[in-house]
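No lab work stands behind these numbers, since they all come straight from the coordinates. Predicted model only: the values in this text are computed from it and were never measured. In this analysis, Cβ positions are derived from the backbone assuming ideal geometry, glycine residues included, and neighbour counts consider all displayed protein chains.
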Amino acid sequence: MAEIYEKAIRTKYVGKPLALYDEKPAWVVSWPRAVEHHHTYGLLTPFFKGLTEGKLMATKCTNPDCAEKGTVWLPPRADCPDCYQRMKWVKVKPEGKIYTFTMVDYAGIGVEMKTPYWQIDVQIPGVDTIFKGYLAQGKPEIGLPVKAEFRTKNPTHTILDIWWVPK
């Protein structure tokens with residue numbers, strides 16, 4: 001049975017950065033598996049590229065006829081799920097508060113994180129959705145202010161290029 005954690009912990013990325021296979025028109029990363037897999041980020045490339053540049057990018061519907069006009073999505077969506085129009089990229093402040101959290105004892109195949117670690121959901125001001133990530137150090141509490149940090153040197157080219165720390 002897994003140990004129950006009631007204390008602050010520290011985790012880290014333990015994998016190898018993915019190589020960029022192609023950059024134009026969209027990022028394609030070489031993701032090694034039993035067979036090599038080339039995965040395109042397609043229209044979401046600006047999000048992953050932004051992480052490597054220390055920026056948190058979201059998308060926003062700007063269609064004046066959409067009932068959800070102005071909704072800011074993070075994780076981003078290429079197209080508005082309500083009106084199906086292409087979304088506009090917007091930079092958001094990489095700060096927020098922990099909305100909820102859970103302990104991950106087993107991350108599963110392909111998640112190159114040392115376990116256990118705290119998976120957190122972050123409520124970011126000005127963003128209409130909740131963003132999932134991990135707390136790199138400390139103990140989470142609902143409402144705890146956090147700020148994002150980015151892997152800009154030797155990026156993994158994955159969602160693991162962003163993590164959260166207490167503010």
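Observations, loosely collected:
- A cut-off under 14 angstrom between Cβ atoms defines the neighbours of residue 142, and their net charge, with Lys, Arg +1 and Asp, Glu -1, is 0.
- Each Lys and Arg Cβ is given +1 and each Asp and Glu Cβ -1; about its Cα centre, region 9-166 then shows a dipole of about 440 debye.
- Over 31 Å between alpha carbons, listed pairs 24/167; 7/97; 69/97: 24/167
- Dipole of region 1-140, positive end: most advanced residue of 87, 54, 44 [Cβ charges, Cα centre]: 54
- Highest-MSF residue in the chain out of 139, 91, 147 [GNM, Cα springs under 10 Å]: 91
- Cα-based Rg and Dmax for the chain, where Dmax is the largest Cα-Cα distance (Å): 16.9, 54
- Taking amide H as placed 1.01 Å from N in the peptide plane, the amide H of residue 79 sits under 5 Å from that of 87, each at least 5 places away or on another chain.
- Candidates per GluC sites (Glu not before Pro) in region 102-158, loop by DSSP, up to 16 other Cβ within 10 Å: 112, 141
- CD proxy at 222 nm, helix term only [per DSSP H run n ≥ 4: -39500 (n - 2.57); per residue of the chain; nearest 500]: -1500 deg cm²/dmol
- Shape call, region 51-148: gyration tensor on alpha carbons, a/c limit 1.5: prolate
- DSSP-assigned coil residues among chymotrypsin sites (Phe, Trp or Tyr not before Pro) in region 96-167, each with at most 16 further Cβ atoms within 10 Å: 106
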